[in-house]
1. Is it true that D108 is open to solvent by 50 Å² or more (accessible area, probe 1.4 Å) and in contact with a strand residue (DSSP E or B) (Cβ under 6 Å, 6 or more places away or on another chain)?
2. Are any residues in the stretch 65-103 farther than 30 Å from G16 by Cβ and touching a residue at least 60 places away in the same chain (Cβ under 8 Å), and if so, which ones?
3. Among the residues of the stretch 43-65, write down those that are part of a helix (DSSP H, G or I) and either exposed (fewer than 15 other Cβ atoms within 10 Å of the Cβ) or at pLDDT 95 or above (or both).
4. Within the stretch 74-94, track down each residue that is farther than 19 Å from K14 by Cα, of a type in the set (K, R) and touching a helix residue (DSSP H, G or I) at 6+ places or on another chain (Cβ under 8 Å).
5. For Y62, which of the numbered conditions (1) in contact (Cβ under 8 Å) with a residue 40 or more places away in the chain; (2) out of contact with any Leu (no Cβ under 7 Å at 6 or more places or on another chain) fails to hold?
6. Tally up the residues in the stretch 16-54 that are closer than 23 Å to N90 by Cα and touching a residue at least 24 places away in the same chain (Cβ under 8 Å), please.
7. Could you say which residue among A70, A94 is under 27 Å from D108 (Cα atoms) and either modelled with pLDDT of 95 or more or among the small types (G, A, S) (or both)?
8. What's the number of the condition R37 fails, among (1) assigned to a helix (DSSP H, G or I); (2) within 16 Å of the chain's Cα centre (by Cα)?
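The values are calculated or read from the model by the stated rules, or taken from the named source; none is laboratory data. As the structure is a computational prediction, the values presented were derived from the model and not from experiment. All Cβ positions, glycine included, derive from the backbone under ideal geometry; neighbour counts span all protein chains shown. When the accessible area is computed, the model is the full protein with side chains, heavy atoms only, and any ligands, DNA or RNA have been set aside. Shrake-Rupley method; radii C 1.70, N 1.55, O 1.52, S 1.80 Å.
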Amino acid sequence: VIVAYSPCIAHKIKGGLGNSAMQAKLATQSGYWPTFRYDPRLEVQGKNPFQLDSKAPKWEKYDEFLMNEARYAQLKDINPDRAEALLKNNKNDAKRRYEMYKRYEAMDFSTGVNAPSDDDE
């Protein structure tokens, strides 16, 4: 299963859908959409099944990413005060998720506690 960030016409990316690849790259760089893998088969080998692939986010790019999409940018036109709070919460949620992913990546599976045993049958 692959879950991917793929902007659509409804996102109204600045410059049009021709900029989708650049917007997807910015989504990862900014921390909006970190890339990772999860392979449950590794757990029975005593390895962590979660691997965070993207580099540490450049949080200073987060607002740039959001403002490239009309679904976020229009909030500032409609209600600037409320938009500021909503967009700040959006970024804080992204930071919280990234820290959660870092904790997943640091988990130790070497003890084999989660490996199937004869008692599991």
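1. Considered against the rule, which asks whether it is open to solvent by 50 Å² or more (accessible area, probe 1.4 Å) and in contact with a strand residue (DSSP E or B) (Cβ under 6 Å, 6 or more places away or on another chain), D108 comes out as no.
2. Matches in the stretch 65-103: Y101 only.
3. The answer is V44, Q45, W59, E60, K61, Y62, D63, E64, F65.
4. R82, K91 - these are the residues of the stretch 74-94 that are farther than 19 Å from K14 by Cα, of a type in the set (K, R) and touching a helix residue (DSSP H, G or I) at 6+ places or on another chain (Cβ under 8 Å).
5. For Y62, the exception is condition (1).
6. 14
7. On the way: A70 fails: under 27 Å from D108 (Cα atoms).
That would be A94, the only listed residue that is under 27 Å from D108 (Cα atoms) and either modelled with pLDDT of 95 or more or among the small types (G, A, S) (or both).
8. Every listed condition holds for R37 apart from (1).
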